[in-house]
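Worksheet: the structure to be examined is printed underneath.
The values are calculated or read from the model by the stated rules, or taken from the named source; none is laboratory data. Just so we're clear, the structure is a prediction, and the values are computed from it rather than from any experiment. As a convention, Cβ positions derive from the backbone with ideal geometry for all residues, glycine included, and neighbour counts pool all protein chains shown.
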Amino acid sequence: MEKLNIGLFIDTFFPMIDGVIMVVDNYAKRLNKIANITVFCPKPNDKKYNGKFEYKVVRSKKIKFYHYDYNLGIPNLDKNFKKALNQSHLDIVHIHSPFSIGKIGVKYAKKHNIPCVATLHSQFKKDFYKATHSKILTNFLLRKIMKVFNACDECWAVNSEIKKLFIEEYKLTAPCTVQLNGTDMLPVENKEQAIEEINKKYNIDANEKVFLFVGRLVVLKNILFIVDALKVLKDKGFKFKMLYCGSGPDENELRNKIKKNGLEEEVTLCGRIEDRITMSKIFNRADLFLFPSLYDANSLVQIEASSQKTPTLFLRGARTAGTVTEDVNGFIGENDANKYAQKIIDIFNDEKHYNEVCENAFNQLYITWDKTVEKAYNDYLNLINNKKIQNNK
């Protein structure tokens, strides 16, 4: 059997880093061992950037949005991009975003009568409203992208809550199934040595409780809410260290709020940590992963936390908590700093239950990219076979 030609389409890519980019990279690296993979994406802003990849990358010309982190690819105006796409002889298209690059992927699939699958990564309505502050424009943009998703043969939601959101609120009509994300993070082998290393690196006492946030430092992820809860904990005399790992446009606002609340001794901004071994050790040292985001759909960092038996404390109603069973393999807090802080205290007041949740987080939520991508590949084969049957009717 000849190798499949698989196209992954995404509207932003390295050197930019976000959850969707990491998903595509992990898919591409693993699929490339058994198939011919091409990632179609926009060109980087940094003209000197020359990222090396194990798989083929075809980049489109783009328009830079100076007030936002993201660009807009213009593949229809790029002869070289269109030529490379036409010569790719794809067997299946997998889009990871519904904008210009994603749209051209769907168009290619329709033209060549091959299957097209889309992963539903984001709560687009929130993104659009944040960018436009207009309900009319938000609904207009939502209708535009849903035309792209509804033109696909199948959509993959990252959890059951996102599937429900797209069907009930966004009016998704294409067939939809849940396809979980995974992680490349492995459990730390020498836990005691790792704990000592992180304690020394960040000046943490051996008996201190450690809380952790990992991700882009943007207000949208509720990073300031964490500070409010930490202030409540400190006022109650609860001893802790808090680590923020990541960078982003709202880092200064976060830093100022930490200072304003007198939490400089308790809170450390670690910056963006790219070394995966170091990051696994930090997750391992953390006693609780704080992720009060109501924005994320299904963040990879919560799976990374589970790989080290570190449970996550979400907010009630968070879509990203869709894979979690409350007080079984994770925790749910209220959208109130005082109640969220009290939940943290309650968690550690019941050590036996806490340890059970830690074990369940690992056993029930930790899934590797190898398993996830193996399932995706088999689903690709089914979609391709189904399309051939339809074409032969």
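Overview of values
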| read-out | value |
| --- | --- |
| Residue that is nearest to Ile34 (Cα to Cα) [pool: residues in the stretch 55-73 that are modelled with pLDDT of 95 or more and either touching a Ser or Thr at 6+ places or on another chain (Cβ under 9 Å) or surrounded by fewer than 16 Cβ atoms within 10 Å (Cβ to Cβ) (or both)] | Tyr55 |
| Count of residues meeting criterion [over 14 Å from Leu290 (Cβ atoms) and either in contact with a strand residue (DSSP E or B) (Cβ under 8 Å, 6 or more places away or on another chain) or not acidic (Asp, Glu) (or both)] in the stretch 221-257 | 12 |
| Residue within the stretch 359-381 that is aromatic (Phe, Trp, Tyr), in contact with a Ser or Thr (Cβ under 8 Å, 6 or more places away or on another chain) and within 30 Å of Asp91 (Cβ to Cβ) present | yes |
| Enumeration of residues in the stretch 115-140 that are part of a helix (DSSP H, G or I), of a type outside the set (S, T, N, Q), free of Cβ contacts under 8 Å to residues at least 40 places away in the same chain and surrounded by fewer than 20 Cβ atoms within 10 Å (Cβ to Cβ) | Asp127, Tyr129, Lys135, Ile136, Leu137, Phe140 |
| Matching entry among Ile345, Ile303 (being at pLDDT 95 or above, within 25 Å of Leu186 (Cα to Cα), of a type in the set (Val, Ile, Thr) and not assigned by TED's automatic domain parsing to the domain that holds Gly19) | Ile303 |
| Residue within the stretch 66-82 that is assigned to a helix (DSSP H, G or I) and within 29 Å of Val218 (Cβ to Cβ) present | yes |
| Top-ranked residue of the stretch 254-279 - restricted to ones that are more than 23 Å from the chain's Cα centre (by Cα) and in a helix (DSSP H, G or I), ranked as farthest from Leu186 (Cα to Cα) | Lys260 |
| Filtered residues of the stretch 335-393 (kept if aromatic (Phe, Trp, Tyr) and either at positive phi or not in a helix (DSSP H, G or I) (or both)) | Tyr366 |
| Test: residue in the stretch 222-240 that is surrounded by 15 or more Cβ atoms within 10 Å (Cβ to Cβ), in a loop (DSSP other than H, G, I, E, B) and within 25 Å of the chain's Cα centre (by Cα) | yes |
